[in-house]
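Trainee: Before anything else, here's the structure in question.
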Amino acid sequence: NVRGLLYLGPIDVDRLVLVGHNLERAADLGWTLIRPISKGILWTFLTLYKVIPNYGLVIIIFSLLVKLLLHPLTKKSYESMGKMKKLQPLMQELREKYKDDQQKLNTEMMKLYKEQGANPLGGCLPMLLQFPVFIAIYAVLGNNIEFRQAEFFWWISDLSSPDTVFIMPFTIPFYGDRLNILPLLWAASMFVQQKLMITDPKQKFMIYIMPVVLLVMFNRLASGLVLYWLMFNVLSGVHQYLMTKKQNEADAAAANGEVLAPRRNKTTKARKR
């Protein structure tokens with residue numbers, strides 16, 4: 001005789017824990033390194049849902065909490081981008097001066113960044129920190145019964161699947177035949193954010209390429225996941241706008257109107273003499 005335990009029911013972590021036998025491991029919460037983040041996100045979602053019985057609102061509040069948590073890093077990132085924007089004239093001078101010597105140009109660029117305390121990669125850190133959260137939310141929404149057919153409002157009737165409003169009679173290569181609203185809103189927010197962030201003329205094409213490329217990927221994702229990233233983009237855009245406005249006002253109020261210290265070079269020394 002073979003004796004065993006058979007469970008027939010939804011993948012509900014709380015219920016699986018009560019059953020015992022480590023059955024909660026049946027809930028796919030992502031890779032080993034991601035699972036602790038997924039468990040934390042799932043616990044946060046379930047806890048907030050007890051107070052706010054709408055998972056769409058829960059996701060919006062969660063995006064706000066993540067934004068507040070990353071505020072110190074985001075602030076430094078925007079400050080770094082502001083410095084990079086002010087460095088554009090000096091960078092252009094270096095490009096013209098060393099246009100035939102790429103190695104010397106790179107050396108002088110790094111020296112300029114160090115002198116002015118700017119980091120060309122500073123704007124990427126908050127986004128990189130988002131990817132583990134992004135993957136964890138993907139696992140949580142797709143593998144837990146709580147989010148199956150969870151409504152938000154209006155056309156968003158299932159946060160665990162795309163928010164399709166229309167199936168087109170033709171298929172667009174890579175994009176598909178389903179028209180989803182949230183990915184389009186997300187792409188628009190990404191375009192605005194890229195417009196604010198990218199100041200280097202050589203990277204201008206990224207303003208148009210990135211939203212389109214990621215739209216293709218986001219069009220197939222759960223609406224709850226796209227909603228989270230959309231709200232994070234909107235909050236980031238507002239934050240960046242306010243910080244830029246504050247910095248511009250500070251620059252305008254400066255007595256000499258110059259915040260950027262001149263580089264020390266032979267020409268400057270000669271003038272001082």
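The rows are residues; the columns are (1) within 24 Å of Y7 (Cβ to Cβ); (2) in a helix (DSSP H, G or I).
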site	(1), (2)
R25	yes, yes
D28	yes, no
I37	no, yes
Y49	yes, yes
I60	no, yes
L65	no, yes
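Trainee: Scanning for something over 30 Å from D14 (Cα atoms) and at pLDDT below 85, does the stretch 136-151 turn up at least one residue?
Mentor: No.
Trainee: Okay, moving on. Taking the stretch 224-240 as the search range and keeping residues that are in contact (Cβ under 8 Å) with a residue 60 or more places away in the chain and touching a Pro at 6+ places or on another chain (Cβ under 9 Å), which one is farthest from L68 (Cα to Cα)?
Mentor: Among them, the one singled out is V226.
Trainee: Pick from I34, I52: which is closer than 30 Å to L159 by Cα, loosely packed, with under 15 Cβ neighbours inside 10 Å and β-branched (V, I, T)?
Mentor: I52
Trainee: Follow-up question, since we're still on this one. Looking at (1) open to solvent by less than 30 Å² (accessible area, probe 1.4 Å); (2) in contact with a Ser or Thr (Cβ under 7 Å, 6 or more places away or on another chain); (3) at pLDDT below 85, which is the one condition that is false for I198?
Mentor: (2)
Trainee: Here is a follow-up. Suppose we filter the stretch 14-23 for residues that are open to solvent by 30 Å² or more (accessible area, probe 1.4 Å) and part of a helix (DSSP H, G or I); how many remain?
Mentor: Counting residues in the stretch 14-23 that are open to solvent by 30 Å² or more (accessible area, probe 1.4 Å) and part of a helix (DSSP H, G or I) gives 6.
Trainee: Further question on the same structure: Pick out the one residue from L112, L141, L129 that is touching a helix residue (DSSP H, G or I) at 6+ places or on another chain (Cβ under 8 Å), open to solvent by 60 Å² or more (accessible area, probe 1.4 Å), assigned to a helix (DSSP H, G or I) and of a type in the set (A, V, I, L, M, F, W, C).
Mentor: L129
Trainee: Out of everything in the stretch 215-273 that is outside any loop (DSSP other than H, G, I, E, B) and modelled with pLDDT under 50, what residue ends up being least open to solvent (accessible area, probe 1.4 Å)?
Mentor: Applying the filter and picking the extreme gives T268.
Trainee: Does any residue in the stretch 203-223 that is farther than 21 Å from D177 by Cα come within less than 8 Å, Cβ to Cβ, of a residue that is open to solvent by 40 Å² or more (accessible area, probe 1.4 Å) and of a type outside the set (G, A, S) six or more places away or on a different chain, and which pairs are these?
Mentor: I207/F191; I207/K195; Y208/F191
Trainee: Filter the stretch 80-109 for residues that are touching a residue at least 60 places away in the same chain (Cβ under 8 Å) and among the charged types (D, E, K, R); which is least open to solvent (accessible area, probe 1.4 Å)?
Mentor: So the residue we want is K86.
The values are calculated or read from the model by the stated rules, or taken from the named source; none is laboratory data. All values reported here derive from a predicted model rather than from experimental measurement. Neighbour counts are summed over all protein chains in view; Cβ atoms, including those assigned to glycine, are modelled from backbone coordinates with ideal geometry. What goes into the accessible areas is simple: the full protein's heavy atoms, side chains included, and nothing from ligands, DNA or RNA. Shrake-Rupley method; radii C 1.70, N 1.55, O 1.52, S 1.80 Å.
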